[in-house]
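Undergrad: Handing you a structure now.
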Amino acid sequence: MPLSVIIGAQFGDEGKGKIIDYLSEKADIVVRFNGGDNAGHTVVVGNKTYKLHLMPSGAVQKKICCLASGVAINPKTLLEEIELIEKEVGKVKLFVDPRAQIIMPYHLLLDGASEEKKCKKIGTTKKGIGPCYADRASRQGIRFSEFINKNKFYERLKEVVPLKNLELKAFGLKQKNAEALFKELSKMSYKLKKYQMDVSKYLHVSLKNGKEVLLEGAQGFFLDNDFGTYPYVTSSHTGSAGAFMSAGIAYHECRVIGVSKAYCTRVGAGPFPTEINGSLASAIREKGNEYGTTTGRPRRVGWLDLPMLRTASRICGFTEIALTKLDVLSGLKEIKVSTAYKIGGKKVKEVPADTFLLEKCKPMYVRLKGFELSHELKSFYDLPSEARSYIKLIEKNVGIRVRMISYGPERKQTLIKAQE
Ligand code: IMP
């Protein structure tokens, strides 16, 4: 299938970077369609680890990379990552859509300040994501095409900076000056100019010509601005429908790969029904290196939540699941999986639309015998029977095939399970 969409099926950090890197080998073009440098995609190749926040993970495979219209771009991060890739991998082949939004220095300030003042904190990455997307919605954003055009950029700053200063003042922050901002950023805008390309049109033509395209999602479905655990969400659309809109392509028949860890993690605040605490959580956190790639924060840890996976699969139309970090569960005596929730005495099989109901739900667990994994496996059938039962339980409950199984950070630690 020429088009594949990769979606995080939980709260982000599912290991999408590795899955995208694995799939990139056969792809021609890898497109990041949402979010900004709040994301952190880790790709391990041999003894090298790449931590990318904005550049699509396909950059490590020297693929054509695109930042689509739905992306929020911090120009400083983008230039740093271009430099890193050019130093470590080779010349980047990058196209940036003119409609993508620019994260401005005042967005970072406002993100931090509004988080401080909130009584219920979201725990944002403080990368300016929310304020940048809010500006897009309120028509105060600066698009990539404006940013790289000297006259337009200056004109736009003159229009929006006075409005932003009202907000900065209200938060007791130092106000910005349009001329100073123009001076500060115009060197970067000049360097990025050559990457502009109408990504929407480019993808349309590429798909028509039979090119293999991967649409790479950032964050996870339950951080979606509409369907996530609102207000504890990010500000973009993280699901598969968002992928088409944000990349600017019409709906195509495609593989939709829902990436899920064999357990679950969350960074930041918000409901997490299967969360566990204490020594077991610490052991999983250490073994899985569950610390934010972007902020270094320790991730909250919990059991796999099938109502979440079922809900994400229904709304995103997953055609398959990629199960990651199975090795982290290796050595546990017992593994628990939530197959449903109890809400007010009722059994519920999906995530409720109301976040306050999700906060009250009690997960219903199935207990499974643990397993020990070895470091090198050749096929699905090399997995211990208990691990295979675990995977089959997921498939039975979600109604979707688990096609890829990742049991370590390296490319070769990936199994493809045949259709049964
Ligand atoms: P923001 O995207 O920085 O506005 O943060 C909103 C929420 O999304 C916070 O709970 C963050 O911790 C979470 N978040 C944002 N990006 C990621 C990610 O890439 N992985 C996991 N959580 C994320």
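Undergrad: How compact and how long is the chain, expressed as Rg and Dmax of its alpha-carbon atoms in Å?
TA: Cα only, the chain: 21.4, 66 Å (Rg, Dmax).
Undergrad: Say each of LYS191 and SER145 gets a label point 7 Å from the Cα, pointing the same way as Cα to Cβ; how far apart are those two points in nm?
TA: With each label point 7 Å from Cα toward Cβ, the separation is 2.5 nm.
Undergrad: Out of all DSSP beta bridges in the chain, what portion is antiparallel? Express it as a percent rounded to 5.
TA: Working: 26 of 62 bridges.
DSSP beta bridges in the chain are roughly 40 percent antiparallel.
Undergrad: If amide H atoms are built 1.01 Å from N in the plane of the peptide, which residues on other chains or at least 5 residues away come under 5 Å of the amide H of GLN196?
TA: Residues meeting the amide H criterion: VAL96.
Undergrad: Provide the per-residue ³J(HN,Hα) series for segment 401-410, in order, calculated from phi with Karplus coefficients 6.51, -1.76, 1.60 and θ = phi - 60°, each as a whole number of Hz, with x at glycine and proline positions.
TA: Karplus values, whole Hz, x for Gly and Pro: 6, 8, 9, 10, 10, 9, 10, x, x, 7.
Undergrad: So with the 1.4 Å probe, I'd like the accessible area per residue for the chain, rounded to whole Å².
TA: In whole numbers, the chain has 44 Å² accessible per residue.
Undergrad: What percentage of the solvent-accessible surface of segment 101-193, computed with a 1.4 Å probe over protein heavy atoms, is contributed by carbon and sulfur atoms?
TA: Looking at segment 101-193 in its full context, I get 55 percent from C and S.
Undergrad: Based on alpha-carbon centroids, what's the gap between segment 32-73 and segment 172-193 in Å, whole number please?
TA: 25
Undergrad: If you find the alpha carbon centre of segment 238-259 and of segment 285-350, how far apart are they in angstrom?
TA: 22
Undergrad: Pick out, in residue order, every one of the GluC sites (Glu not before Pro) in segment 367-409 that is DSSP loop and has at most 13 other C-beta atoms within 10 Å; say none if there are none.
TA: GLU372, GLU376
Undergrad: Report, by chain and number, residues whose modeled amide H sits under 5 Å from the one on HIS41, excluding near sequence neighbours (fewer than 5 apart, same chain).
TA: LEU52, HIS53
Undergrad: Checking the table LYS76/LYS150; LYS62/LYS158; LYS91/LYS261; LYS18/LYS120 against a 27 Å threshold on Cα-Cα, which pairs fail?
TA: Pairs exceeding 27 Å: LYS62/LYS158; LYS91/LYS261; LYS18/LYS120.
Undergrad: With a cut-off of at most 12 other beta carbons within 10 Å, and DSSP calling the residue loop, which trypsin sites (Lys or Arg not before Pro) in segment 155-254 qualify? Please list them.
TA: Values: sites: ARG156, LYS158, LYS164, LYS169, LYS174, LYS176, LYS183, LYS187, LYS191, LYS193, LYS194, LYS201, LYS208, LYS211; in loops: LYS174, LYS176, LYS211.
Within segment 155-254, the qualifying trypsin sites (Lys or Arg not before Pro) (loop, at most 12 other Cβ atoms within 10 Å) are LYS174.
Undergrad: At 1.4 Å probe size, with the rest of the protein present, what percent of the exposed accessible area of segment 262-313 is carbon and sulfur atoms? Please list the in-between numbers first.
TA: Numbers: 830 of 1620 Å².
C and S atoms contribute 51 percent here.
Undergrad: Using alpha-carbon pairs under 8 Å, 6+ residues apart, how would you state the relative contact order of segment 49-155 in percent?
TA: 25
Undergrad: So, one more: Over the chain, what is the relative contact order in percent, taking alpha-carbon pairs closer than 8 angstrom and at least six residues apart?
TA: The value is 20 percent.
Undergrad: Using helices alone, what [θ] at 222 nm do you get for the chain, with -39,500 (n - 2.57) per DSSP H run of 4 or more residues, divided over all residues and rounded to the nearest 500?
TA: -10500 deg cm²/dmol
Undergrad: Over segment 101-193, what is the relative contact order in percent, taking alpha-carbon pairs closer than 8 angstrom and at least six residues apart?
TA: It comes to 29 percent, rounded to a whole number.
Undergrad: Moving on to the next point. For TYR291, list long-range residues whose amide hydrogen, built 1.01 Å from N in the peptide plane, is under 5 Å from its own amide hydrogen.
TA: ARG299
Undergrad: Using the Karplus equation 6.51 cos²θ - 1.76 cosθ + 1.60 (θ = phi - 60°), what ³J(HN,Hα) coupling, rounded to whole Hz, does each residue of segment 303-316 give in order, writing x for Gly and Pro?
TA: Coupling constants for segment 303-316: 6, 4, 10, 6, x, 5, 5, 4, 5, 4, 5, 5, 7, 8 Hz.
Undergrad: Now, a different point. Using DSSP to call loops (not H, G, I, E or B), can you name the trypsin sites (Lys or Arg not before Pro) in segment 52-103 whose Cβ has at most 14 other Cβ atoms within 10 angstrom?
TA: Passing both the DSSP loop test and the Cβ count: LYS62, LYS91.
Undergrad: At 0.36 nm per residue, and after removing the present C-alpha to C-alpha distance, how many nm does the segment from LYS91 to LYS392 gain when stretched out fully? Intermediate values should be presented prior to the final figure.
TA: On the way: separation 301, 0.36 × 301 = 108.36 nm, distance 4.29 nm.
Going from the current span to full extension adds 104.1 nm.
Undergrad: Convert each backbone phi in segment 264-272 into a coupling constant with the Karplus relation 6.51 cos²θ - 1.76 cosθ + 1.60 (shift: θ = phi - 60°), then list the ³J(HN,Hα) values in order as whole Hz, x for Gly and Pro.
TA: 8, 9, 8, 10, x, 7, x, x, 8
The values are calculated or read from the model by the stated rules, or taken from the named source; none is laboratory data. Predicted model only: the values in this text are computed from it and were never measured. Cβ: placed from backbone, ideal geometry, glycine included. Neighbour counts: every protein chain shown. When the accessible area is computed, the model is the full protein with side chains, heavy atoms only, and any ligands, DNA or RNA have been set aside. Shrake-Rupley method; radii C 1.70, N 1.55, O 1.52, S 1.80 Å.
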